[in-house]
1. Of the beta bridges DSSP finds with both residues in the chain, what % are antiparallel, to the nearest 5?
2. Taking amide hydrogens as modeled 1.01 Å from N in the peptide plane, which residues meet the under 5 Å criterion relative to VAL340, leaving out close sequence neighbours?
3. For LEU330 paired with ARG48, estimate the spin-label separation in nm (one decimal), with each label point 7 Å from Cα along the Cα-to-Cβ line.
4. For VAL233 and LEU14, compute 0.36 nm times the residue count separating them, minus their Cα-Cα distance, and round to one decimal in nm.
5. Could you give each residue of region 93-108 its phi-based ³J(HN,Hα) in whole Hz, using Karplus coefficients 6.51, -1.76, 1.60 with θ = phi - 60°, and x for Gly or Pro?
6. Taking amide H positions as placed in the peptide plane 1.01 Å from N, state which residues far from ALA241 in sequence (5 or more) or on other chains have amide H under 5 Å from it.
7. How would region 176-334 be classified by its alpha-carbon gyration tensor: rounded, prolate or oblate, with rounded meaning a/c under 1.5 and the a/b versus b/c comparison settling the rest?
8. In region 54-123, which trypsin sites (Lys or Arg not before Pro) fall in coil by DSSP and have 15 or fewer other Cβ atoms within 10 Å?
Amino acid sequence: MVKGIGAVRLRALLDFFGDAQLAWQAHPAELRATGLPTGIVENLIKLRESVSLEQIWDQIQAQGIQVVAWGDENYPVRLREIDNAPPVLYVRGSLEIKDEWSVAIVGTRRITAYGRQVAERIATKLANSGITVVSGLALGVDTVAHQAALETGGRTLAVLGCGVDRIYPPNNRHLAERILESGALVSDYAPGTPPEASNFPPRNRIISGLSLATVVVEAGEKSGALITADFAVEQGREVFAVPGNVFSPQSWGPNRLIQNGAHPLLDPQEILDQLDLTRVVAQSEARVVLPANATEAQLFGVLGHEPLHVDEIRAKTDLPIEQVTATLALMELKGMVRQVGGMRYTSIREMSADYVTKEDHDAR
């Protein structure tokens, strides 16, 4: 809520004080010692004197808003991987493990008949394949993508440039209500934050950060969708662009992206093939809550949010390397763990310390 304090400065405060509460209560001289500019220190002190955190928390709870912080178990795994990941997410609706398989569909508000047809086709294909569709709730391409995913019975996430209690644009209020039933409204802006123009470019890093890839359907030369594509590239995520008429202003953006190396998207199946997402439904069906045996339980016990190399896992479990790699491969299919590159693994969901195997659970 303090103007000027984002992910980078909050990390600096936490490094200095070791605790957010200590930073909040710190003397102005201590805050300046962290490198915060005087104006931001004044913003913090002024806010601190004018609000009650307990009252704010009660208001958030009363509105049914979830607060998901960096270290929380249900903080989106892919979003945690990006630079300047938002310290706090405000969520209405539900974030689910299956949302790890997400693709963003973005584009112009001035959608053409061609863009509408293509956006519907892409979102429908992804939703039918068990992929969550991510977009920004704007008019045009975003709206079509959200609607198509919902009409197919799929999940969709809308990332807002305002508080999750402020639906923008107002025309999409009904759509937002539908999204709450099969997805979530997400924002890193505090409840009550109005939809100011400066809020929207930064929120685009969350749209791309939640997603394995970003698809640009139609976008003019100065479209915010191109900002989302730029963030995706910076985050090491794939970018797909729908080629269009060279005389159409709405196709300038995707055509330029293709010229600069984006994947030209001719068929939605290409997204699934390129990202190896053809097994998502099988992974979802194979997912189990409990480890199937003692080996899985042991491996799951040493894994957390921080990636571990397979050699580190072997050392921690004292299991043969062949058994470790074979079991991890099966656990990845079940959706229990994820390989993040270089033979390093993380758990998709942490369990309690008292691990129970599936056999023990069935015996009980």
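What follows draws every value from the coordinates through simple rules; no lab data is involved. A quick note: this is a predicted structure, and the numbers were derived from the prediction, not measured. All Cβ positions, glycine included, derive from the backbone under ideal geometry; neighbour counts span all protein chains shown.
1. Of the beta bridges lying entirely in the chain, close to 40 percent run antiparallel.
2. Correct list: TYR345, THR346.
3. Taking the two extended label points, one gets 5.4 nm.
4. 76.0 nm
5. Using θ = phi - 60°, the values come out as x, 9, 9, 10, 4, 5, 6, 4, 9, 10, 9, 8, 10, 9, x, 5 Hz.
6. VAL216, HIS263, LEU265
7. Prolate, since a/c reaches 1.5 and a/b exceeds b/c.
8. Listed in order of number, the matching sites are ARG110.
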